Amino acid sequence: MKTFIALLVVLSPVLGWTHENHSPVSDIINKSPVSLATVAALTDFHDANLGAVWGWNSQLAQDDVTSNILHIDSTAAAAVAKYDCHFHSHGSENEAHCHNEGVASSSLAAPSSVHFSTEDLVTALTSALDIFNRKVSAVENLTAIKTWQSAEQIFVHLNYQAGTSNGVSYYMCHIHHGAEIDCHRSLNPGPQEPVF
């Protein structure tokens, strides 16, 4: 019995980082309207099967969030799916609802393929949000999120407003030890940053 309890104590931090609704992962996403809306827009995009996600840019716009999802469509061209997201409260829980406002072509040259799945990109975002929340500012202060992949790396920009000052925090994420996505704070924004 003591061995079982010791094993639970050792594994509890790992078991807690799952994609269940009340886990630390969803808690960090739910703390910011920008990240909550981003994940809702990505879910809608995925359900619509519009293509492979290359990156996104989500911005707070008063009480709503606009999210532009850069992707490679079925013709292998770059395109942007635009979502407008608003919020509903259910008790103490907020829920984001996004509406596809259309898809537009992009002047960007699409990469020949994308290395990371949408789930990988959300995992990188979650990791960056966790680091941001612990070392930079409260996640509630986010005003914009920009994420994209380039080669075998994911880049995340987190814009925030704390008091009267605005800032941006950069993250570089990659596969670590063959399976896990690991993110680090970065001093530079990263290469091949797309313009939406």
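The values are calculated or read from the model by the stated rules, or taken from the named source; none is laboratory data. Since the model is a prediction, treat every value here as computed from it, not as a measurement. Glycine gets a Cβ as well: all are built from the backbone with ideal geometry, and neighbour counts include every protein chain shown.
Brief remarks follow.
- Residue selected from the stretch 52-96 under the condition of a type outside the set (S, T, N, Q), in a loop (DSSP other than H, G, I, E, B) and over 25 Å from Glu152 (Cβ atoms), by the criterion modelled with the lowest pLDDT: Gly91
- Failed item in (1) of a type outside the set (S, T, N, Q); (2) under 12 Å from the mean Cα position of the chain (by Cα); (3) more than 15 Å from Pro33 (Cβ to Cβ), with Glu152 passing the rest: (2)
- Residue ID - modelled with the highest pLDDT, chosen from residues in the stretch 8-35 that are among the hydroxyl-bearing types (Ser, Thr, Tyr) and not in a loop (DSSP other than H, G, I, E, B): Ser35
- Listed by first and then second residue, the pairs linking a residue in the stretch 79-103 that is without any contact (Cβ under 8 Å) to a residue 24 or more places away in the chain to a residue that is in a loop (DSSP other than H, G, I, E, B), with Cβ atoms under 9 Å apart and 6 or more places separating them unless they lie on different chains, are His86/Asp63.
- Segments classed as strands (runs of 3 or more DSSP E), wholly inside the stretch 115-196, with at least 2 members that are in contact (Cβ under 8 Å) with a residue 24 or more places away in the chain and either loosely packed, with under 15 Cβ neighbours inside 10 Å or out of contact with any helix residue (DSSP H, G or I) (no Cβ under 9 Å at 6 or more places or on another chain) (or both): 142-150, 153-162, 180-186
- Qualifying residue in the stretch 36-51 (condition: at pLDDT 70 or above and either on the phi > 0 side of the Ramachandran plot or assigned to a strand (DSSP E or B) (or both)): yes
- Residue in the stretch 112-134 that is over 19 Å from Ala37 (Cα atoms), of a type in the set (D, E, K, R), within 18 Å of the chain's Cα centre (by Cα) and modelled with pLDDT of 95 or more present: yes
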